[in-house]
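The values are calculated or read from the model by the stated rules, or taken from the named source; none is laboratory data. Because the structure is a prediction, the values reported are computed rather than measured. Here the Cβ positions follow ideal geometry from the backbone for every residue, glycine too, while neighbour counts run over all protein chains shown. Note: accessible area is taken over every heavy atom of the protein model, side chains too, but ligands, DNA and RNA are not part of it. Shrake-Rupley method; radii C 1.70, N 1.55, O 1.52, S 1.80 Å.
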Amino acid sequence: LRARVADLEAELASVDGDYQIMSERYSALSETMDNMVNSESRRSEETINTLQNRVDGLKEKLLEKLHRHKQSSKAMELELSHAQGQLAASIDKTAQIKAALEQE
């Protein structure tokens, strides 16, 4: 019986040693996985920030172009209005000349 108890104690010590080794391996693996996740998370965050900065830059450029386009459109509207006024004056002048010629 004592021999069996000694065998069981030896087996228990072996299992305990194996458990200790597996526990250390698990801790090391867990730490490695945490480091990998944190590293990937930082890279993803950096990528997101870079893309957001690019989007913000493009948005700003687009707004500048839109503002210039609006200014250009206003200038064209003024030119068109002026041209329409000149055309109306020319039509009136032509009508006056025509009326004068018809009276003669």
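Kindly indicate whether Ala75 is among the aliphatic types (A, V, I, L, M), more than 22 Å from the chain's Cα centre (by Cα) and surrounded by 10 or more Cβ atoms within 10 Å (Cβ to Cβ). Outline the logic, then answer.
Details: among the aliphatic types (A, V, I, L, M): yes; more than 22 Å from the chain's Cα centre (by Cα): yes; surrounded by 10 or more Cβ atoms within 10 Å (Cβ to Cβ): yes.
The answer is yes for Ala75.
Return only the number of the condition from (1) open to solvent by 90 Å² or more (accessible area, probe 1.4 Å); (2) modelled with pLDDT of 95 or more that Leu101 does not satisfy.
(2)
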